[in-house]
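Some notes on the structure that comes next.
Please treat every number below as a calculation from the coordinates, not as lab data. Every value quoted in this text rests on a predicted model; they were computed, and no experiment measured them.
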Amino acid sequence: MLRALGYTASVSSSHVEHPATVKEEICAAVMQRIEEENITDPLAIVRAAGDPMMPVCAGIAATYPGTLVYAGGAPRCLRLQH
């Protein structure tokens, strides 16, 4: 998703043997689909290439007035404190 939005990005892995080749193949296929379908709207790119929790977490992080703790690893590791 980040690459489709124009960012230089790569991902890490919790696997002992990092499946970088598989991830690159999947990314290339998604990028090709986005290009072929001329998807340019950022939310449409998220829909085509990302986890639906990513924009949710970004929105919470951008607007939550309290303390925000991000535990990493997955967007679902977001914790709000008040």
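Across the stretch 51-63, rounded Karplus estimates of 3J(HN,Hα) from the backbone phi angles (6.51 cos²θ - 1.76 cosθ + 1.60, θ = phi - 60°) give 7, x, 6, 4, x, 5, 5, 5, x, 5, 4, 6, 10 Hz, Gly and Pro being marked x. The Cα atoms of the stretch 1-72 give a gyration tensor whose axes a ≥ b ≥ c have a/c of 1.5 or more with a/b no greater than b/c, which makes the shape oblate. The gain in end-to-end length when the residue 63 to residue 8 segment is fully stretched comes to 17.3 nm, 0.36 nm per residue minus the alpha carbon separation.
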